[in-house]
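See below for the structure under consideration.
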Amino acid sequence: MTSRRRVHARLAGVILAVAAAMVLASCGVTRGTDDEGHRRLQMWIPNSPGGGYDLTGRAATHVLEDADLAGRFEITNVLGASGTVAMQRLLNAKGANDVVMTMGLGVVGAVYTNESNARVSKATPIARLIEDQEALIVPKDSPYKTVEDLMAAWKKDPKSVTIGGGSSPGGPDHLFPMQLAKTVGIDPKAVKYIPYDGGGPLTTALLGEKIDVGTSGPSEFEGQIKDGSLRVLAVSGGERLDNVDAPTLKESGVDMVFTNWRGVLAPPGISDETRDYLIKLFTDMHATKGWQAELKRNGWIDAFATGDEFGTFLKEQDQRVASTLKELGLA
Amino acid sequence: MGSFDLLMQGFENAFTPTNLLYACIGVLLGTAVGVLPGIGPAMTLALLLPITYSVEPASALIMFAGIYYGGMYGGSTTSILLNTPGESSSVVTAIEGNKMAKAGRAAQALATAAIGSFVAGTIGTLLLVLFAPKLATEVVKLGAPSYFALLLLALFAVTAVLGTSRLRGFTALFIGLAIGLVGTSTGQPRLTFGSPLLADGIDIVVVAVAIFAIGEALWVASHLRRRPLDIIPVGQPWMSRDDWGRSWKPWLRGTAFGFPFGALPAGGAELPTFLSYITERKLAKNPEEFGHGAIEGVAGPEAANNASAAGTLVPLLAMGLPTTATAAVILLAFQSYGIETGPGLFDSQPLLVWTLLASLFIGNTLLLVLNLPLAPVWAKLLQIPRPYLYAGILFFASLGAYSVNFQWFDLLILLVIGLLGLAMRRFGLPVLPLIIGVILGPRLEAQLTEALAISSGKVSTLWSEPVAVIVYVIIAGALLFIMGNGVRTLLRNNNQKKKVLA
């Protein structure tokens, strides 16, 4: 059980922080016994604390523990190569019946750009939990007032529009403009995409007008959008967002829906029993008030789907991402 | 005096027993994670994010700010005592700090770090209070060309610390730049040998700990039997008048480097620490002391890293722009309370912002009160017999490297670079150029690729921003000055030769 030992070492390392968190949050209630319904589980998270997968994964475990649906979770952040390292490790943990991993669209692309064989479709799909929309964001004084303006200029000369995103090639902020370009008939290879190291540097570049358009989830720009220093031309989902005053792409005449989703996988080769147990666990979690509160608190869109439905979706996403990246020569 | 009143209100709010307690816990935790290599303030804050479910916003943010400042501070302790920097911003501190400790001046090194951090943190926070709203709108105008120029200036400054042998200095610098190449940051895998474990590059803390601590432990081990053990002398417990006199100017200069770099979105805390080090080394009355434990080399960088922590809060509070990983997590905490971050924060949440600012002053004072009396106690650690001391250092360094990612692979990297450190000692290569190469190389490249990608490859973009032009003029001026000096010495030597001949 080296993986378990690894978790213990990690716990020892951060014991101070965790202990303080428990004491401060006064949620260190002793709960659950070791009966069958309360087995201890591990939650792996393929990026660093505070990142998107981390927030989703921790919110889910928090709700599961709080609602007394599962025993205590051991959470491990497995860092490296935008999730490729974690994905590899999940596939290596074949048959392990106590592991789940939070992942999402970014991991699908990362395994291709890192030239790894750890395809997400090889793991056991458990549940898709949430989705985030992407947005087309421009600075206040940008000449582009609508999606039509932007598309006209972009089609005329793809190189004249500089697009920046908060993820490296293969990540959602990169895949979105590439698939958008393909939809409107622009060669994705002609798209000028600048990768930034997350939302902070991307906001800086937009405010400083170093780039023309930003593609990212709108939640990271809430403050700037509200005070008018940044504008949203469109959001990428099927429906408008409550808190962002912008049309969808479809309403703007571009026939495309793109969402950045997150979900939970288990290792390959687990028993049907374990698979059913895990699916039921997350289905029950989805029904709790606590999870609904988390969705609202984080501005996530509910996109719950389990088992085979999620599996089919996963395969479809895997192929779509692969074809986009192959066209760009990145996979 | 609107802001003064608001600040006083903030103090009132921060001085409640509960909030003081949170400030205390914050600085203690921060110091603890700063001491441990591998676990940084960003990760600690992220792990503590769940407390936002049940703790008042002000209290949580006060604690978070305490952790941030404490972490900047705590990193210096192990740098000085054990030669194992806990954070990337305290790597430079180890260079002189550990030499001081070996000469029995650990207490002075720790004290000048503590007081310097306090001075810089306080001045930095004061500047933050005064200038945050005005500064923030200016700093976003700097783009990749300006950063590239600034980094080039820094690289140019490195040549001043290459040491006595140019060849050795440049060799070390290029080894550093080569280590900096590892990874897939440009989209192409370089020196990763097909392993995704190397895709994110090698962490600077791992490199520093390996070169400094592992390299030294191996060196000592290989010489242990040939030489009698020299015991580290017990020094004075407090700073002397002379130490004070040599420290106060570096503190102020370090602050002057740290704050603006912290406020710049792509500035960071590492760059100002070694700019401060280089400056002190150039300005010192007795530069030959550098490399053997000069107090200026501890005072300056330590002030710089704390001032930069204060600077980071400028874009964060004034614009909702996180510029470091730690600031990004603080922003998340704001958001999980449903607080609108961004340009309106000072107006919409005045009490919260000013309470946070007041708590920074309090946190700084707490850090000083906690750490100053501890300095002589920590210094006693070095009395441990050497075999045990180095065994402890090895354990501590390995734990740190392992705890970042829980991969045995990281231990292998630590050992390999440790062997490199041993070889560097054996062949007399200076360490600083290597560290600077690891830090500067990737950043220089990232800014250059960004600038050229935006301009579609037009090189003229590099001098398209006023700041960039000014920096290039400074570099050109310095070059001319150096060349002028060189020519003058050459002429003088020639004249002397002629006289001798005549």
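Where a number appears in this text, it was derived from the coordinates with a stated rule and is not lab data. Values in this document were obtained by computation on a predicted structure and should not be read as measured data. Cβ sites come from the backbone with ideal geometry, for glycine too, and all protein chains shown count toward neighbours.
Observations on the model:
- Per residue of peptide A:200-213, the mean number of Cβ atoms on other chains within 10 Å of the residue Cβ is 6.
- Averaged over the residues of peptide B:194-205, the number of Cβ atoms from other protein chains lying within 10 Å of each residue's Cβ is 4.
- Taken over the range B:163-226, the convex hull of the Cα atoms encloses 126 Å³ per residue.
- Full-extension gain in nm, B:ILE470 to B:SER195, via 0.36 nm per residue minus C-alpha separation: 94.8 nm
- Exceedance of the 27 Å cut-off in Cα-Cα distance is limited, within the set A:LYS250/A:LYS315; A:LYS250/B:LYS458; A:LYS155/A:LYS210; A:LYS145/A:LYS315; A:LYS250/A:LYS280, to A:LYS250/B:LYS458; A:LYS145/A:LYS315; A:LYS250/A:LYS280.
- Based on the reciprocal of the average 1/r between different C-alpha atoms, the Kirkwood radius for the protein assembly as shown equals 27.9 Å.
- Diffusion coefficient of the range B:2-464 by Stokes-Einstein, Kirkwood radius over Cα pairs, 20 °C, 1.002 mPa s: 96 µm²/s.
- Translational D in µm²/s for chain A (Stokes-Einstein at 37 °C, 0.692 mPa s, Kirkwood Rh from C-alpha pairs): 158 µm²/s
- Rounded FRET efficiency, nearest 0.05, which uses the C-beta distance separating A:GLU309 from B:SER456 and R0 of 41 Å: 0.40
- Based on alpha-carbon atoms, the Kirkwood radius and the radius of gyration of the range A:135-235 give Rg/Rh equal to 0.93.
- Counted by neighbouring Cβ atoms within 10 Å, the residues B:ILE211, A:ILE270 run from fewest to most as A:ILE270, B:ILE211.
- For the pair the range B:337-388 and the range B:157-174, the centres of their Cα atoms are 36 angstrom apart.
- The range A:123-145 versus the range A:229-245: alpha-carbon centroid distance in Å: 9 Å
- Förster radius 45 Å - calculated FRET efficiency between A:LYS289 and B:SER222 (Cβ-Cβ, nearest 0.05): 0.10
- Helical segments meeting 24 Å axial Cα length and Kyte-Doolittle -0.5 threshold in chain B (DSSP H): B:17-35, B:57-82, B:106-139, B:296-319, B:350-379, B:386-405, B:408-426, B:432-454, B:466-501
- For the range B:392-441, the fraction of alpha-carbon pairs lying more than 17 Å apart is 48 percent, rounded to a whole number.
- By definition, a body whose alpha carbon gyration tensor gives a ≥ b ≥ c is oblate when a/c is 1.5 or more and a/b is not larger than b/c, and the range B:111-158 fits this oblate description.
- A DSSP coil position with no more than 11 other Cβ atoms inside 10 Å describes the following trypsin sites (Lys or Arg not before Pro) in the range B:388-486: B:LYS458.
- The simple Förster model, with R0 at 51 Å and r as the Cβ-Cβ distance, assigns A:GLU239 and B:PHE170 a FRET efficiency of 0.30.
- Longest DSSP-loop-exposure-free segment, chymotrypsin sites (Phe, Trp or Tyr not before Pro), chain B, at most 11 other Cβ within 10 Å: B:194-426
- Beta bridges from DSSP with both residues in the protein assembly as shown: antiparallel share about 60 percent, rounded to the nearest 5.
- Taking the C-alpha atoms of the range B:1-157, convex hull volume expressed per residue in Å³: 157 Å³
- Where GluC sites (Glu not before Pro) in DSSP loops with at most 13 other Cβ within 10 Å are excluded, longest remaining stretch of chain A: A:1-238
- For the range B:332-440, the square roots a ≥ b ≥ c of the C-alpha gyration tensor eigenvalues yield an a/c of 1.5 or more together with a/b exceeding b/c, which makes the shape prolate.
- Excluding same-chain neighbours fewer than eight residues apart, the aspartates and glutamates reachable from B:LYS102 by a Cα-Cα span under 12 Å are B:ASP230.
- Peptide A:113-120, shielding by other chains (average Cβ, 10 Å cutoff): 3
- Estimated inter-spin distance, B:SER3 and A:LYS250, nm [label 7 Å along Cα→Cβ]: 5.0 nm
- Spacing of the two label points (7 Å from each Cα toward its C-beta) at A:SER160 and B:LYS282, in nm: 4.6 nm
- Simple spin-label estimate for B:LEU351 and A:GLU316 gives 5.1 nm between the two label positions (7 Å along the Cα-to-Cβ direction from each Cα).
- By the rule of a C-alpha distance below 20 Å, with chain neighbours fewer than 8 residues away ignored, the aspartates and glutamates paired with B:LYS282 are B:GLU96, B:ASP242, B:ASP243, B:GLU270, B:GLU296, B:GLU302.
- Among B:SER88, A:SER142, a tally of other beta-carbon atoms within 10 Å of each Cβ gives an order, fewest to most, of A:SER142, B:SER88.
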